[in-house]
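The values are calculated or read from the model by the stated rules, or taken from the named source; none is laboratory data. None of the values given here were measured: they were computed from a predicted structure. Cβ coordinates were reconstructed from backbone atoms using ideal geometry, including for glycine residues, and neighbour counts include every protein chain displayed. Protein only, heavy atoms only, side chains kept; ligands, DNA and RNA dropped before computing areas. Shrake-Rupley method; radii C 1.70, N 1.55, O 1.52, S 1.80 Å.
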Amino acid sequence: MSVSEKGSRLPGFYNLSLEERLQRLAAAGDLSPQDLDALSGRAGLSLEQADHMIENVVGLHALPLGVALNFVVNGREVLVPMAVEEPSVVAGASFMAKLARAGGGFQAHTTPPEMIAQIQVLDVADLPSARLAILEEKERLLAEAAEIDPVLKRLGGGPRDLEVRVIEASPIGPFLVLHLIYDVRDAMGANAVNTAAERLANLVESITGGRVHLRILSNLADRRLARARCTIPLSELAFDDFTAEEVRDGIIAAWAFAAADPYRAATHNKGIMNGVDAVVIATGNDWRAIEAGAHAYAARSGVYTSLSTWGRDRQGNLVGTLEMPLAVGIVGGATRVHPTAQAALKLMGVKTARELAEVIVSVGLAQNLAALRALATEGIQRGHMSLHARQVAIAAGATGDQIERLAQRLVAEKTVRIDRAEEILKEWKAQSA
Ligand code: MEV
């Protein structure tokens, strides 16, 4: 039975032991014992595999892997693996997904998986005529690019378009730039587009009479966008002493701050990336590429701004949207080699790169909501502190049941510091001696 039939709610998951959680996942999804071993870290990436991935390998670097619950994306229940070191991220995403599911969950869609390869052409005698020469030969160039990757061609991918830009002002003066638009299907696509750009270089030189310099993809993948929106029913927003209207309007005012001010927008978008990166990392994708694309897209108007929007619908419900480039793949690279990434994709039940991007953009929106809701009401520290306190307790040497007990005491004392944690542990030791 698949996850979609069983749902992503998993009530009480938080309180289960590590082993029980894995058993719950096994029951909720189509996961084999090997998948569970990969997710649990008992049998994730091996040193041998790592040694083939990068240079000078000496070991592995681990991160906590959590599962965000309650997500419904395009009507499909999905359990979301998140690799992240920061407390509150997984809990925040799960809680906001629960609020969103009361409004039908997340509606997400993506544009086709088209990447941009840039080819820089220097030493062109006459830029306008070189530009037209390229455009006249566009079909020939596209036909040449189409032959480069027969596998991608068979899968329906390949070159889609060619654009020519003249960069008028640069530190070395004007030059020409070609954009090869390339559909990479279910791959992230860096290798495919870089290869294509390199292979077109000779032809571009003969057409323009110039000298091809750089041939590389652009991480501003603005042809490969993912969009998500959600509606949070007003009735879901009230908590503690805060009315639903206060929470809604507080969230909208918090967003307005990010929309108008780059200093705030950077932090606001960082909150979005807390969710986005965690899934990107869990699935073995290139989070630096995603980060670069996100922030460049946020600055596309010339002023850095929020990637998301928050407002209200006619009924007064809170509505949110997020739009960003998401160049993620489910084939090739680390996604294929890393056993935990494979198990993570299986857990989500995604079958295409576009579906993966649709889940990721939804998580980004949920994460953004979690941050804004906290910031607009009780502040971020209260929720953070209890989770942070657990890390401090562990760092101070607490084990087993002591961790939770010590964390609670630190929060109650409002002193979440390692020196105080060590002091309390010493007291407990003295008492039990
Ligand atoms: C912390 O990792 C993320 C936040 O700063 C995001 C935000 O301010 O919106 C809480």
Specify which of the listed residues (354, 373, 336) is in contact with a strand residue (DSSP E or B) (Cβ under 8 Å, 6 or more places away or on another chain), open to solvent by 20 Å² or more (accessible area, probe 1.4 Å), assigned by TED's automatic domain parsing to the domain that holds residue 249 and assigned to a helix (DSSP H, G or I). 354
Consider the range 396-407. How many of its residues are assigned to a helix (DSSP H, G or I), surrounded by fewer than 20 Cβ atoms within 10 Å (Cβ to Cβ) and either at positive phi or within 32 Å of the chain's Cα centre (by Cα) (or both)? 2
State which residue is most open to solvent (accessible area, probe 1.4 Å) when the search covers only the range 376-386 and only residues that are within 12 Å of the ligand (Cβ to nearest atom) and over 19 Å from residue 244 (Cα atoms). 381
More than 26 Å from residue 110 (Cβ to Cβ), of a type outside the set (A, V, I, L, M) and in a loop (DSSP other than H, G, I, E, B): does that describe residue 170? yes
From (1) under 21 Å from the mean Cα position of the chain (by Cα); (2) β-branched (Val, Ile, Thr); (3) open to solvent by less than 10 Å² (accessible area, probe 1.4 Å), pick out the condition that doesn't hold for residue 251. (1)
Restricting to the range 189-216, and then to whatever is over 14 Å from residue 118 (Cβ atoms) and among the small types (Gly, Ala, Ser), can you tell me which residue is most open to solvent (accessible area, probe 1.4 Å)? 206
Suppose we filter the range 204-245 for residues that are small (Gly, Ala, Ser) and under 28 Å from residue 323 (Cβ atoms); how many remain? 6
Looking at the range 67-88 only, could you name the residues that are within 15 Å of the ligand (Cβ to nearest atom) and closer than 17 Å to residue 15 by Cα? 87, 88
Here are some conditions: (1) of a type in the set (Val, Ile, Thr); (2) in a helix (DSSP H, G or I); (3) over 16 Å from the mean Cα position of the chain (by Cα); (4) more than 16 Å from the ligand (Cβ to nearest atom). Residue 303 meets all but one. Which one does it not meet? (2)
Just to be sure, is residue 259 in the same structural domain as residue 95 (by TED's automatic domain parsing), within 13 Å of the ligand (Cβ to nearest atom) and not polar (S, T, N, Q)? yes
Using the structure shown, decide if residue 265 is farther than 17 Å from residue 361 by Cα and either modelled with pLDDT of 95 or more or assigned to a helix (DSSP H, G or I) (or both). yes
Among residues belonging to the range 30-60 that are acidic (Asp, Glu) and closer than 25 Å to residue 351 by Cα, point out the one that is least open to solvent (accessible area, probe 1.4 Å). 35
From the list 10, 79, 65, exactly one residue is surrounded by 16 or more Cβ atoms within 10 Å (Cβ to Cβ) and over 19 Å from the mean Cα position of the chain (by Cα). Which is it? 10
In contact (Cβ under 8 Å) with a residue 24 or more places away in the chain, farther than 30 Å from residue 192 by Cβ and away from the ligand (no atom under 13 Å from the Cβ): does that describe residue 224? no
Quick one: is residue 393 open to solvent by 50 Å² or more (accessible area, probe 1.4 Å), assigned to a helix (DSSP H, G or I) and not charged (D, E, K, R)? no
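Matching residues to (1) open to solvent by 40 Å² or more (accessible area, probe 1.4 Å); (2) charged (D, E, K, R); (3) in contact with a Lys or Arg (Cβ under 9 Å, 6 or more places away or on another chain):
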residue	(1), (2), (3)
90	no, no, no
112	yes, no, yes
119	no, no, yes
157	no, no, yes
163	yes, yes, no
170	no, no, no
178	no, no, yes
187	no, no, no
Conditions: (1) more than 16 Å from the ligand (Cβ to nearest atom); (2) buried (at least 18 other Cβ atoms within 10 Å of the Cβ); (3) assigned to a loop (DSSP other than H, G, I, E, B). Residue 421 meets all but one. Number of the miss? (3)
When the residues of the range 262-288 are filtered to those that are within 16 Å of the ligand (Cβ to nearest atom) and open to solvent by 40 Å² or more (accessible area, probe 1.4 Å), which remaining residue is farthest from residue 217 (Cα to Cα)? 263
Report, by residue number, each residue of the range 306-333 that is among the hydroxyl-bearing types (Ser, Thr, Tyr) and either crowded, with 20+ Cβ neighbours inside 10 Å or assigned to a helix (DSSP H, G or I) (or both). 306, 308
